[in-house]
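Q: Structure provided below as structure tokens; questions to follow.
The values are calculated or read from the model by the stated rules, or taken from the named source; none is laboratory data. Keep in mind it's a predicted model, so treat the numbers as computed, not measured. Glycine also receives a Cβ, built like all others from the backbone with ideal geometry; neighbour counts cover every protein chain displayed.
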Amino acid sequence: MKKTTGTDRSITSNWRPATQAVRGGTWRSEHGETSEALFLTSGYTYDNAQTVADRFAGEAEGMTYSRLQNPTVAMLEERIALMEGAEACRAQASGMAAMTTALLCQVSAGDHVVGARAAFGSCRWLLDHLLPRFGIETTVVDSADDDAWEAAIRPNTKVFFFETPANPTLDVVDLAHVCEVARAHGITTVVDNAFATSALQRPMDFGADVVAYSATKLMDGQGRVLAGAVCGSQEWIDEVLLPFQRNTGPNCAPFNAWVVLKGLETLSLRAHRQSENAVELGKSIEARAPKLLHPGLPSHPRHELAKRQMSATGPIFAFDVGDRKTAFAILDALRLVDISNNIGDARSLMCHPASTTHAGMTQEARDEMGVTEGLLRINVGLEDVEDIKEDLDQALKAAGL
Ligand SMILES: *Cc1c(COP(=O)(O)O)cnc(C)c1O
């Protein structure tokens, strides 16, 4: 394969993010295709036996098996790393494959992990159920309480794991502060950046060690495939993540990688426009839904912090309408916005977290996290914001608000 414009780091790392999003990692075959090629292959063939022996010995570059390398997946990994400002990235089958891999690859029985209380339901399941089964202790903290992180540290604390903004309560973590506390204690920070992506927030600029993604969300951005990614230093990826990934196989399929590559080309445009639409829609209903949470609105307790660490505040907000009956009445009255638990999509989508994304948690854990029976979460899409406003307005009225 011909290595052309997108793969030489001495050139690509100097490009600005918009250029990296379109061209970073592009690796052209002998046909010189403009759009990235889709390599649907599990294996590779070799000119002779020595070539494959050298590759397996790590003495020659080249593909050997798609659980270890695939050209389409490698293009996606390089593009995500460049956009993130990370030395390296490995794509994963889904966001949860990414989170599970990022945690399990580095912890052992006897270690301790501190995680944010407000988190995506499955991320909390990893902390509350999976890690303890293997003798890894976990503590959840109120992630917006800056002192809580340091207070939770024990001699065996290995990892801090959190999302910001968090799903679905939009809690914002002070990245610079929490990453500094971790660094001072030799703790690795793993940041789930799905709600923002590198287009809006780059945790490594604030000292994060590892950034993990559901690429299913804003990166694909059009609701097509499941995918994930983990970014880190070259040394961490090679020595900590890769031995785990290569032997357990949570890999991203080439087709899904290709879809996400195309999504990244428009990520920044979509993320910024959807953020603007979210702020405008939020303002239009704030008076009728007082407990509305979006980091882009002055009413959010960490609005100033969010403005400092994000270039825009993302497409998602949550609001509390009091009880499940009213929440369901609003969902059922929608005519444009779909009832759907996905986020990051170009379509506006709304869901009731307590009965969907966070249904697997106990009522007590939901209460503690702020996932109330009246909470609705909306992903604001790319439709004309006037149409979204009109739809939400009539749905609120239909529910008596
Ligand atoms: C959706 C989501 C995940 C899980 O990603 P999948 O691609 O659905 O596996 C993890 N973290 C956050 C914050 C999410 O929103």
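Q: In the list Gly228, Gly221, Gly232, which residue meets the criterion of being of a type outside the set (A, V, I, L, M, F, W, C), in contact with a strand residue (DSSP E or B) (Cβ under 7 Å, 6 or more places away or on another chain), closer than 20 Å to Gly314 by Cα and assigned by TED's automatic domain parsing to the domain that holds Glu150?
A: Exactly one residue qualifies, and that residue is Gly228.
Q: Checking the condition in contact (Cβ under 8 Å) with a residue 24 or more places away in the chain, of a type in the set (Gly, Ala, Ser) and more than 16 Å from the ligand (Cβ to nearest atom), which residue from Ala182, Ala194, Ala208, Ala227 passes?
A: Ala182
Q: Tell me the residue from Thr139, Thr157 that is hydroxyl-bearing (Ser, Thr, Tyr), outside the structural domain of Gln363 (by TED's automatic domain parsing) and over 28 Å from Ile343 (Cα atoms), please.
A: Just a single option satisfies the conditions, and that option is Thr157.
Q: Pairs under 6 Å by beta carbon, first residue more than 12 Å from the ligand (Cβ to nearest atom) and at pLDDT 95 or above in the stretch 331-348, partner outside any loop (DSSP other than H, G, I, E, B) and of a type in the set (Gly, Ala, Ser), six or more apart or different chains?
A: Ala333/Ala395; Ala333/Ala398; Leu334/Ala395
Q: Conditions first: (1) away from the ligand (no atom under 16 Å from the Cβ); (2) in a loop (DSSP other than H, G, I, E, B); (3) of a type outside the set (Lys, Arg); (4) more than 24 Å from Val260 (Cα to Cα). Gly360 passes all but one, so which condition is the exception?
A: (1)
Q: I'd like the residue in the stretch 251-292 that is at pLDDT 95 or above and of a type in the set (Asp, Glu) and, out of all such residues, is farthest from Ala91 (Cα to Cα).
A: Step by step, filter the stretch 251-292, then rank; the result is Glu280.
Q: For the stretch 261-304, which positions are out of contact with any strand residue (DSSP E or B) (no Cβ under 8 Å at 6 or more places or on another chain), in a helix (DSSP H, G or I) and aliphatic (A, V, I, L, M)?
A: Leu261, Leu264, Leu267, Leu269, Ala271, Val279
Q: Right, next: Residues in the stretch 170-189: is at least one outside any loop (DSSP other than H, G, I, E, B), in the same structural domain as Met204 (by TED's automatic domain parsing) and closer than 30 Å to Thr72 by Cα?
A: Checked the stretch 170-189: at least one residue is outside any loop (DSSP other than H, G, I, E, B), in the same structural domain as Met204 (by TED's automatic domain parsing) and closer than 30 Å to Thr72 by Cα.
Q: Hey, His129 hits all of (1) of a type outside the set (Phe, Trp, Tyr); (2) within 16 Å of the ligand (Cβ to nearest atom); (3) touching a residue at least 24 places away in the same chain (Cβ under 8 Å) but one; which does it fall short on?
A: Failed condition: (3).
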